[in-house]
1. Using modelled backbone amide H atoms (1.01 Å from N, in-plane), which distant-in-sequence or interchain residues come within less than 5 Å of residue 96's amide H?
2. Considering only protein heavy atoms and a 1.4 Å probe, what is the carbon-and-sulfur percentage of the accessible area of the chain?
3. Within the range 1-110, list the chymotrypsin sites (Phe, Trp or Tyr not before Pro) lying in a DSSP loop whose Cβ has at most 16 other Cβ atoms in a 10 Å radius.
4. Please give the net charge around residue 34, taking every other residue with its beta carbon less than 14 angstrom from that of residue 34, where Lys and Arg add +1 and Asp and Glu add -1.
5. Pick from 60, 118, 87: which residue has the top mean-square fluctuation in a GNM of the chain where Cα pairs under 10 Å get a spring?
6. State in Å² the accessible area per residue of the range 88-147; use a 1.4 Å probe, count heavy atoms of protein chains only, and round to the nearest integer.
7. For a quick check: with amide H placed at 1.01 Å from N, whose amide H comes under 5 Å from residue 102's, ignoring anything fewer than 5 positions away on the same chain?
8. What residue among 68, 125, 145 shows peak mean-square fluctuation when the chain is described by a Gaussian network model with Cα springs under 10 Å?
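The values are calculated or read from the model by the stated rules, or taken from the named source; none is laboratory data. Because the structure is predicted, anything quoted here is derived from the model rather than measured. Here the Cβ is made from the backbone with ideal geometry for all residues, glycine too, and neighbour counts use every protein chain on show. SASA here: full protein model, heavy atoms, side chains in, ligands and nucleic acids out. Shrake-Rupley method; radii C 1.70, N 1.55, O 1.52, S 1.80 Å.
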Amino acid sequence: MISSEPDAPLGALLDDARTALSGVPQEALGREKTGRWRAPRIVRVGSAWHVGVLLIAGDAVYATAEVLRAAAPVRRGYAAESARARAERRAEASRGGFDDGETVHVGWTPIDLDAVAAGGSSGPLALVDGVPSVRWSAAGSLMPLSAYLDDRIALLRSASL
């Protein structure tokens, strides 16, 4: 359980989250790579726990972006150009060395925890009246980070049993 104090320091909340997440599988972080002689690919650059709109790594926190599952390229017809583009992104992850079906996060952005702790905001995190808070969707309102982490981590722990 994350600290019951809604205004607990941001670092303490994230440390509590990392402790609560031990034993829950992490997901891969990927970065796009292009080369002169090779097809575009997505390569592994780390791993983190996917906790809603956050990716919590051992030493950093990132805002989520694109999530995909790696898949070997196959030749098939598509009804829509968007389906073709999604298949190409999955193939880029496969070319980068990810196993078929492996979840990969791409386009994530680092969250400046110092800026948030100083009263500002970064990505989906903000300090509101001294309470670390998270915007859980683009149209959603801010909610206390401690309650958000409690809810999301409980879901992750029950799914990994």
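1. 42
2. Carbon-and-sulfur percentage of accessible area, whole number: 52.
3. 37, 78
4. Summing Lys/Arg as +1 and Asp/Glu as -1 gives +4.
5. 118
6. 47
7. 70
8. 68
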